[in-house]
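A short reminder: the numbers here are calculations on the coordinates, not readings from a lab. All values reported here derive from a predicted model rather than from experimental measurement. Positions of Cβ are backbone-derived with ideal geometry, glycine not excepted, and every protein chain shown enters the neighbour counts.
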């Protein structure tokens, strides 16, 4: 009986796809309608896993410098200025990558851009393991940054575009959770690998995204929304069909195609300049504050933590690395909690509450900076855990704020603001934390998420439960 039911289900899905491929011409509205009726299916899961691997290693390679930095400082006898430059060097490349790869994604497709960025990440990570000097290593970090800065915003754009409005937040965040898992894996593996096999091993492991450069485009269909936006309607039909064929059971009839056609035809075509035009200025200011906060805290604090624990609190290397792992664990737990709540309470409440709690934790770290390393590490871990809640929500929230024609660039702009903050944050930390003014540094860090929460509250819009095309200004 189960076999007959499965056969009928497959026949139903095939029949529904055949209706979509019938005599009626494909339109942008019909493509959107077909995406909005899709239940979670095997192709979506495959896309989430494969692109999730790219995002996982993005997180892994971003934070690998934290685990290896104490060794590199001793190996190359780095000065405080050189340490800050080494941390910021990757962010310089990521700043340019945040513009380059979203630009490529708008012109050549989301999947191609993700594959290209993964190739750069993999090749340069392996090369970092062979770097003979500080200058060569820093130069490779800049080049690797192009891929690291470009992969995340394009991947977030793609995952949003293949999701339907109902449950989109949870679907996207269950994918995005691989980024903090990558951070956790980098810290955890670094704590175990670096003392035993040397710092180079971290970068050889980080070279695995190179595999995706050769395989991703053959295994994952392009974004149907992007194809339809570029009037490649037959290609968009084939991409949607790739998802429909993997649906178990009977697909719902196509509905609202005419309504979606009227909706997309009502909105003017947007260009990059519109990101800071009248229609999207408030949204873009909120996005800028949101992403700058994530960059300022993530790069200004987490990459420094093992070094701070060693140099200021004189903790052994293994203890310093283990304490950093604890912060990453809270980041993963916070991200998982957000994935379960984001479609129930909304994007803005999660971002605002998590940022306020992050700022409060950092302020308490400043108050208690003269206590033991365990007290300071606890408040830092809480701060990074709360930050992760807002950070991961930014990946579902930001793509929802912009139309398909500029969605990748809007996400890239958010990533660019993150990298701008990441470039300057390590320098501020090096002049305060390492300079002996640890409490001042914590107070400066605490002020940033408070300001971001205010900006998102006043300027952002709520996007929960709405079709992407309904959110266009």
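Length gained on full extension, residue 431 to residue 166: 90.7 nm, using 0.36 nm per residue less the C-alpha separation.
Distance between the 7 Å Cα→Cβ label points at residue 375 and residue 219: 4.9 nm. When each of the peptides 134-142, 95-103 is scored by how many other beta carbons lie within 10 Å of its residues on average, the order from highest to lowest is 95-103, 134-142.
R0 = 51 Å: FRET efficiency of residue 234 with residue 204, Cβ-based, nearest 0.05? Rounded to the nearest 0.05, the efficiency is 0.75.
Mean projection of the Cα convex hull over all viewing directions, computed for the stretch 274-351: 6.9 nm². Sorting 170, 196, 110, 283 by the number of Cβ atoms found within 10 Å of their own Cβ, with the fewest placed first, yields 196, 170, 283, 110. List the residues of the stretch 196-215 whose backbone N lies under 14 Å from a point placed 7 Å from the Cα of residue 75 along the Cα-to-Cβ direction. Those under the cut-off are 196-206.
Cβ crowding within 10 Å ranks 116, 192 as 192, 116, fewest other Cβ atoms first. With the simple model of a label 7 Å out from the Cα in the direction of the Cβ, residue 130 to residue 273 spans 4.7 nm.
Sorting the segments 210-222, 414-426 by their residues' average number of neighbouring beta-carbon atoms within 10 angstrom, most packed first, yields 414-426, 210-222.
Computed extension length for residue 340-residue 192: 50.2 nm, one decimal, from 0.36 nm per residue of separation with the Cα-Cα distance subtracted.
The ranking of 186, 133 from fewest to most other beta carbons within 10 Å of each one's beta carbon is 133, 186. Only one item in [x] 1.00; [y] 0.96; [z] 1.49 matches Rg/Rh (Cα atoms, Kirkwood Rh) derived from the coordinates shown, and that item is [x]. What the Cβ-Cβ distance of residue 454 and residue 248 gives, at R0 = 45 Å and to the nearest 0.05, is a FRET efficiency of 0.50.
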